[in-house]
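Here the structure is laid out as structure tokens; the discussion comes afterwards.
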Amino acid sequence: MHIGILQTGHSPDGLRDRVGDYGNLFQQLLGGNGFTFDIFSVVDGVFPDGPDAAQGWLITGSRHGAYEDHPWIAPLEELIRAIDAARLPLIGVCFGHQIIAQALGGKVEKFAGGWAVGRTVYDTPNGPLALNAWHQDQVVTRPEGARVLGSSPHCENAILAYGDHIWTVQPHPEFDADFIAGLIAERGGAITPPELLDKARNDLDRPVANAAMAAHMAEFFRKART
């Protein structure tokens, strides 16, 4: 199966040479499942010809806001709506989760409750789920028909599903402890309250469900759809 990765941001300079860019993190996360990948750096204006350029799609995280006025936002929303209309499998993570909701009629804003940083536990139908988070923006109004599959006290709409072909998640299954430590060093001090950074540092050795989420994402891409 051929997966198109829509890269909407770049990992920090200090991490990129060592662990790769955001698109590479998802190649690594989903490796071993028989997928092939193309990365389209939409943040730099590089777009696929249309939804049929891949059999499934994934939208990465970004330091940008879905509501910001960038020239690539509107074309990305148009592509999302085309992928939705074609009922191709689509996964969104963090910014990807937000821009999909916005493109389909929801609302994203800078959350008044502040940041979520590092290991965070979410309530899901299958029990608690721990993943690394790094965001203040979040989906505050769901699109019509979106179903909540995961939430936390800080983020009501943390995991959403649309029909059987779109699945999105606010936290980052592609971020391991090493990457979170790098984000704390590269980007944390300027934007994030010190007490949240301290907690994130203290939680670096605690387990997160990245492997289980990678398996879920691979199964989501491969499952049969009518």
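The values are calculated or read from the model by the stated rules, or taken from the named source; none is laboratory data. All figures in this text were calculated on a predicted structure; none of them were measured in a lab. Glycine gets a Cβ as well: all are built from the backbone with ideal geometry, and neighbour counts include every protein chain shown.
Just a few scattered comments:
- Sole residue being acidic (D, E) and crowded, with 18+ Cβ neighbours inside 10 Å, chosen from D38, D49, D69, D84: D84
- Counted residues, region 178-194 - those being farther than 14 Å from N132 by Cβ and free of Cβ contacts under 8 Å to residues at least 24 places away in the same chain: 3
- Hey, G163 farther than 11 Å from G118 by Cα, of a type outside the set (D, E, K, R), touching a helix residue (DSSP H, G or I) at 6+ places or on another chain (Cβ under 6 Å) and surrounded by fewer than 22 Cβ atoms within 10 Å (Cβ to Cβ) or not: no
- Whichever residue in region 182-208 is buried (at least 17 other Cβ atoms within 10 Å of the Cβ) and under 20 Å from the mean Cα position of the chain (by Cα) and, among such residues, is nearest to L30 (Cα to Cα): V208
- Yes/no for A101 being aliphatic (A, V, I, L, M), modelled with pLDDT under 95 and more than 25 Å from F179 (Cα to Cα): no
- Unmet requirement for S62, which otherwise passes all of (1) closer than 19 Å to I159 by Cβ; (2) surrounded by 14 or more Cβ atoms within 10 Å (Cβ to Cβ); (3) out of contact with any Gly (no Cβ under 6 Å at 6 or more places or on another chain): (3)
- Among the residues of region 194-226, just one is hydrophobic (A, V, I, L, M, F, W, C), at pLDDT below 95 and in a loop (DSSP other than H, G, I, E, B), namely A224.
A quick yes/no check of all residues on (1) farther than 20 Å from L25 by Cα; (2) touching a residue at least 40 places away in the same chain (Cβ under 8 Å); (3) under 16 Å from the mean Cα position of the chain (by Cα):
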{"residue": "V108", "(1), (2), (3)": "yes, yes, yes"}
{"residue": "V117", "(1), (2), (3)": "no, yes, yes"}
{"residue": "L129", "(1), (2), (3)": "yes, yes, yes"}
{"residue": "H135", "(1), (2), (3)": "no, yes, yes"}
{"residue": "L149", "(1), (2), (3)": "yes, no, yes"}
{"residue": "A158", "(1), (2), (3)": "yes, no, yes"}
{"residue": "W167", "(1), (2), (3)": "no, yes, yes"}
{"residue": "D176", "(1), (2), (3)": "no, yes, yes"}
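- Conditions (1) in a loop (DSSP other than H, G, I, E, B); (2) closer than 24 Å to E219 by Cβ; (3) within 14 Å of the chain's Cα centre (by Cα); number of the one not met by I5: (1)
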